[in-house]
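All remarks here apply to the structure that follows.
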Amino acid sequence: MLVSAVEVQARNPDRVNVHVDGVYAFSLNALLALELHLGRGSVLDPATLKDVFRRDEVGKAVEACVRLLGFRPRTEVELLRRLAQKGFEPEIGHEAMDRLRNLGYVDDADFARFWVSNRERFKPMGARRIRYELLQKGVSRETADEVMEEQLPDDEYETALRAARSKMRTYAGTDYATFHRRMGGYLARQGFGFDTSGPVMRLLWAEQDGDA
């Protein structure tokens, strides 16, 4: 296959159009074309062409991941899932992860620290619920446990109290049985055990009863 022309795309200067025998054949990442010294007169045999297409696909996958990471940090598993949804083959996705890892764009431990910190600041939860979320997002059990031990308090009482206070308006005016059932269910869904939620509910009910 003899390349007859390599032209920068008008709408996307990051890619070039490659022509063979005067006819458009395929597009390619511009930096990859430069790296390959691809130009008029270049000869591409089938094996080389296959490798070029693979490397171009990996580049596209990396670019897609970088765009996603611009919104928030993500785990490798999350990124691989999104790449699969976009139609990338698994081997392309894993090669993209290798490149992103080497560039420092993905690190599951850093993601876990971000997630735990975010939950602590904006949506208080118990360790059980946070651990479940981390595992769902693809963080390994070992990494999740290490980060949680590093960042979460040993006593969840204050965290549960903050979570419960955020819901007090919702349960205002209810009787004790209703309050206990609904608040207890909420705290359980947030990952707090009854040994923590029980004292929290007794305190808040006493405060509410005292204000009545």
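FYI, it's all coordinate maths here, none of it is from the lab. Just so it is clear, the model here is predicted, and its values are computed rather than measured. Cβ coordinates were reconstructed from backbone atoms using ideal geometry, including for glycine residues, and neighbour counts include every protein chain displayed.
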Take the conditions β-branched (V, I, T), within 30 Å of L134 (Cβ to Cβ) and not in a helix (DSSP H, G or I) and apply them to V62. Does it pass?
no
Scanning for something crowded, with 16+ Cβ neighbours inside 10 Å, assigned to a helix (DSSP H, G or I), over 17 Å from the mean Cα position of the chain (by Cα) and of a type outside the set (K, R), does the range 72-89 turn up at least one residue?
no
Only residues in the range 25-50 that are without any contact (Cβ under 8 Å) to a residue 24 or more places away in the chain and farther than 17 Å from R11 by Cα count as the first member; pair them with residues that are crowded, with 16+ Cβ neighbours inside 10 Å and of a type in the set (S, T, N, Q), Cβ under 8 angstrom, at least 6 apart or cross-chain, and list the lot.
L36/S42
Among the candidates N17, N12, which residue alone is part of a strand (DSSP E or B) and free of Cβ contacts under 8 Å to residues at least 24 places away in the same chain?
N17
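Those residues that are closer than 21 Å to R131 by Cβ and surrounded by 13 or more Cβ atoms within 10 Å (Cβ to Cβ), I need them from the range 170-212; list them, please.
Hits for the range 170-212 are G184, Y186, L187, A188, Q190, G191, F192, G193, T196, S197, V200.
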Could you list all residues from the range 6-54 that are buried (at least 17 other Cβ atoms within 10 Å of the Cβ) and within 21 Å of G93 (Cβ to Cβ)?
R15, L28, N29, V52
